[in-house]
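Below you'll find the structure, written out as structure tokens, and then a few comments.
No lab work stands behind these numbers, since they all come straight from the coordinates. Remember, it's a predicted structure, so these values are computed and weren't measured experimentally. Here Cβ is always computed from backbone atoms with ideal geometry, including for glycine, and neighbour counts include all displayed protein chains.
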Amino acid sequence: MRIFQIIFFSIVSISMTFAQGIDFNVATFKEALTKAKAENKLIFVDAYTTWCGPCKWMAKNVFTDSQVGEYYNESFVNVKIDMEKGEGPKLAKAWEITGYPTLIFIDKQGAVIHRSMGSRPAEDFVDLGHAANDPERQITTMTKRFEAGERSEDFLWKYTDAMTSAGLKGFEEVANLYMDLQSDWTTEKNMNFLFDYADATMDSKLFKYTMDHKEAFKAVVGKEKFEQKLSYAADIDRSKSGIARDDTEALKVHYAKYYDEKTAVNKAMVSYFNQLMYNPDPVEQEKFKAEIQLFLAGNPDLGWSFYNSVAWQVFEITSDRDLLKKASEWTKLSINDTKNSFNTDTQAHILYKLGKNKEARRYALASIELAKEENADYSTTEALLEKIEK
């Protein structure tokens, strides 16, 4: 019996060891350097912030994965660093971090050799680790090859992809060099490359090409994906132009460069309401609550994201039941357009605030299931579900 217990607990112990994810077993970058030198390993840094949703998703769903843990614990010294506390701000500046999460690989001398920005599923994250351990795939190696004059088609493709994944500037220069080698820009492969790596600004030769061939690109990359990039470009250029977001006439002229007249008007008003709804001034909030109802009553087709945003803002700033009921109707429009974890979560919160717990629970459960499919963070929805079930 004693021998059986020893064997049993040994098996449990071994199983727990293999089931664990990444062991972030050092507290500071200095400690990581010391350990890396002693163990002759590279350092993996999870550069995160506490407010970053994709950072939380990685921590919960990827870093805990057993296969991820097995590879990273064997291959790297792993450290998590909050980029807004302690040594974080200084390191963020030194490493030129522009977004979160940034996943950085550093040699034992403290030099960055590979990096990537944004969340990714477990399988891709393991491949990222393999790339960091392969000198031929490291971003620093590729940069040296480019600077030495390598311009082969295959290399330029891979280097453009590596630069964009790393969040590094100058990727469009490389993308342009790749496209200059192409005799036919209309192949599906080249259109996907061009769309993915064109800088979203009217100053970009590649982006202008996509604008001149809108329908062709929508057919290849999908209408929603195309519209997202177009919207991003229009908003970035608006920001650069310095147009005030309450100057609706100037906004209409600006958006007319990107859209038809009706859509340009709607985009201008959406921009106006986006700045108005997040203004903490109580007077501005009352203005938002009054004007948004009139605007939405006459504009029934504004896309899921805007309906979801205004409904959520109403949820946050008021307890007025009539307005909350309208917000619930707007969320239904959002869900009917594109059902996802975001708008179903919004609906769950609004219904809970209205005291409709049974309906709120149904939407909360739906939101969690959708979030799992989308690889999105659903911790706030879980917290709401706990309240509902109490």
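Do any trypsin sites (Lys or Arg not before Pro) in region 52-148 lie in a DSSP loop with no more than 16 other beta carbon atoms within 10 Å, and if so, which? Walk me through the numbers on the way to the answer.
Details: sites: Lys56, Lys60, Lys80, Lys85, Lys90, Lys93, Lys108, Arg115, Arg137, Lys144, Arg145; in loops: Lys85, Lys108, Arg137.
Within region 52-148, the qualifying trypsin sites (Lys or Arg not before Pro) (loop, at most 16 other Cβ atoms within 10 Å) are Lys85, Arg137.
What is the sum of charges, Lys and Arg at +1 and Asp and Glu at -1, for the other residues whose Cβ falls under 14 Å from the Cβ of Leu370?
With Lys, Arg at +1 and Asp, Glu at -1, the net is -3.
Which option, [x] 54, 37, 17; [y] 40, 33, 19; [z] 44, 24, 19, is the value of semi-axes √(5λ) of the Cα gyration tensor in Å that was calculated from these coordinates?
Among [x] 54, 37, 17; [y] 40, 33, 19; [z] 44, 24, 19, the one calculated here is [y].
List the residues whose amide H sits under 5 Å from the amide H of Ile113, counting only those 5 or more places along or on another chain, with H placed 1.01 Å from N in the peptide plane.
Phe105, Ile106, Asp107
Using helices alone, I'd like the mean residue ellipticity at 222 nm for the chain: each DSSP H run of four-plus residues gives -39500 (n - 2.57), total over residue count, nearest 500.
-20500 deg cm²/dmol
What is the ratio of the Cα radius of gyration of region 285-373 to 2.2 N^0.38 Å, where N is its residue count, to two decimals?
Numbers: Rg = 12.4 Å, N = 89, 2.2 N^0.38 = 12.1 Å.
Relative to the 2.2 N^0.38 Å estimate, region 285-373 comes out at 1.03.
Where does the charge balance sit around Glu172 when Lys and Arg score +1, Asp and Glu -1, over other residues with C-beta under 14 Å from its C-beta?
-2
Antiparallel as a % of all DSSP beta bridges within the chain, to the nearest 5?
Working: 10 of 17 bridges.
About 60 percent, rounded to the nearest 5.
Residues with beta-carbon under 12 Å from that of Thr98, excluding Thr98: net charge, scoring Lys, Arg +1 and Asp, Glu -1?
Here the charged neighbours net out to +2.
Starting from 0.36 nm per residue, how many nanometres of slack lie between Glu188 and Thr140 once their C-alpha separation is accounted for? Please report the intermediate quantities before stating the final value.
Values: separation 48, 0.36 × 48 = 17.28 nm, distance 2.99 nm.
Residue separation times 0.36 nm, minus the Cα-Cα distance, leaves 14.3 nm.
Calculate, in nm to one decimal, what Glu382 and Glu150 gain on full extension: separation in residues at 0.36 nm each, minus their alpha carbon distance.
78.4 nm
How many percent of the alpha carbon pairs in region 160-291 exceed a separation of 26 Å?
Roughly 34 percent, rounded to a whole number.
Determine ³J(HN,Hα), in whole Hz, for all residues of region 189-201 in sequence, where each value follows from phi through the Karplus function 6.51 cos²θ - 1.76 cosθ + 1.60 and θ = phi - 60°; x replaces Gly and Pro.
Values, residue by residue: 4, 6, 5, 5, 4, 4, 5, 5, 10, 6, 5, 6, 7 Hz.
May I ask you to derive the relative contact order of the chain, considering only C-alpha pairs under 8 Å and at least 6 residues apart, and to give it as an integer percent?
Reported as a whole number, the value is 9 percent.
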